[in-house]
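A quick write-up on the structure given underneath.
The values are calculated or read from the model by the stated rules, or taken from the named source; none is laboratory data. Bear in mind the structure is a predicted one, so any value in this text is a computation, not a measurement. Neighbour counts run over all protein chains shown; Cβ positions are idealised from the backbone, glycine included. For the accessible areas, the whole protein counts, side chains as well, though only heavy atoms, and no ligand, DNA or RNA atoms are used. Shrake-Rupley method; radii C 1.70, N 1.55, O 1.52, S 1.80 Å.
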Amino acid sequence: MNTRLSRALQALAAIAAMALPLPFAYAAGTASRAGAATPLDLQAYGGDSGAITILHGGAASDPYFTLQALLLAHDNGLDIQGPAVRFADWLVPQQKPDGTFDRFCRDDGGGWKACKTADADDSLLAMWLRLLQAMPAHVKASPALRKSQATSRAALAHLYQPSRGIYMVSPVYLHGLFMDNLEVWSLRVREPLSAPGAEPSERLAQAIHDTFWDPVNRRFLVSTQMEQRAQPAAFYPDHVAQLFPLMVGFPLLPDSADTHYRDWMRRHRSEWLAQGQTDYPWGIIAVLALRRNDPDTARCWVRHSAPLRHSARWAVTDEVSFQILASKGVGAAPPAAACR
């Protein structure tokens, strides 16, 4: 998988349920009303080893994609206990001494071997720490996970750039990315200040805004790299980046959250719904649509994208998005619906 697609899938970060209220009937979810959360089923994305693949029955496992999928499911009411515990127990022995993680390929014997370095350390570490937050009892019972938690906090703190007040991609790539820093903020907003390496989320939020907001063009920049500012805007990363603050509940928007969402949909809804024709269908945006009290748009996504399910253009996060919508009773829009 090339770097562009890898970074594109990284944009599918966890929606911060604690920071973004659910003001409509779907919030409770069908399973919640029945008294039990719907279990997340990722058996076809890795089997019993604990590794979870990017694609259905695939041969590549990127911990970041798995973390996106698990946290997205957790934040939207699915029961992730089974796959999350197996994944954490599989991944923790693979963590390198400096706290970073690799990407993995299936070997000839059906096992897994490290085959690439991570695409971005800052966001991956933040997501890993968020998953450990979501399973406190398991972490408490596992010395290996407790050690990993401390190691990961130290590794993430090492990526902090005091001059800007944001986080760098890695010790090798010394630039900051807007969406990666929002993922770190999503961790910080959940942490007690007493946690090792924690900092006030308000301070990080202000630094993110000051670094990436472009007041002239009224848009968020995707990177601190100057050369990216001259590149033509593309659906990913540019357009997705404008919507990403809503996905994590980031408070420093140029308009109200409702206005920001409506403006984005007015400009990019058709382009997004057509993404599955050439790329991944970006199911996380459909989950956001449901959270923004726009179930018709979520239904349109199901109508457009469900035929891709389990194909080479259906990532594990799309599968989780589909299961979230299904658990809340959201099916495909009828043929007469205006899905443009």
In whole percent, the fraction of accessible protein surface over the chain that belongs to carbon or sulfur atoms, probe radius 1.4 Å, stands at 54 percent
Simple SL model, points at 7 angstrom along Cα→Cβ for GLN206 and TYR173; separation in nm is 2.9 nm
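According to the square roots a ≥ b ≥ c of the eigenvalues of the Cα gyration tensor, what is the shape class of segment 84-146, taking rounded for a/c under 1.5, prolate for a/b larger than b/c otherwise, and oblate for the remainder?
Since a/c reaches 1.5 but b/c is at least a/b, the shape of segment 84-146 is classed as oblate.
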Label model pair ASP107, LEU252: point-to-point distance (7 angstrom along the Cα→beta-carbon line) in nm is 4.6 nm
Sorted on mean Cβ neighbours within 10 Å (highest first), peptides 177-184, 154-161 come out as 177-184, 154-161
In Å², rounded to a whole number, the accessible area per residue of the chain with probe 1.4 Å is 41 Å²
In nanometres, the difference between 0.36 nm per residue of separation and the alpha-carbon distance of THR278 and VAL85 is 66.1 nm
For PHE220, other-chain or 5+-apart residues with amide H closer than 5 Å (H placed, Pro excluded) are ASP214
ARG340 and TYR160 label points (each 7 Å along its Cα→Cβ direction) are spaced in nm at 5.1 nm
Quick numbers on segment 168-220, Rg and Dmax over C-alpha atoms in Å, give 12.4, 39
Expected sort for 318-328, 261-271, 78-88 on mean C-beta neighbours within 10 Å, highest first, is 318-328, 78-88, 261-271
For the chain, the Debye formula with one identical point scatterer on each Cα and no solvent gives log10 I(q)/I(0) at q = 0.14, 0.16 Å⁻¹ as -1.17, -1.58
With 0.36 nm assigned to each residue of separation and the Cα-Cα distance removed, ASP238 to SER270 gains 9.9 nm
At R0 = 25 Å the Cβ-Cβ FRET efficiency linking ARG309 and THR259, nearest 0.05, sits at 0.15
Listed by chain and number, the lysines with an alpha carbon less than 23 angstrom from that of LYS116, same-chain partners under 8 positions apart left out, are LYS96
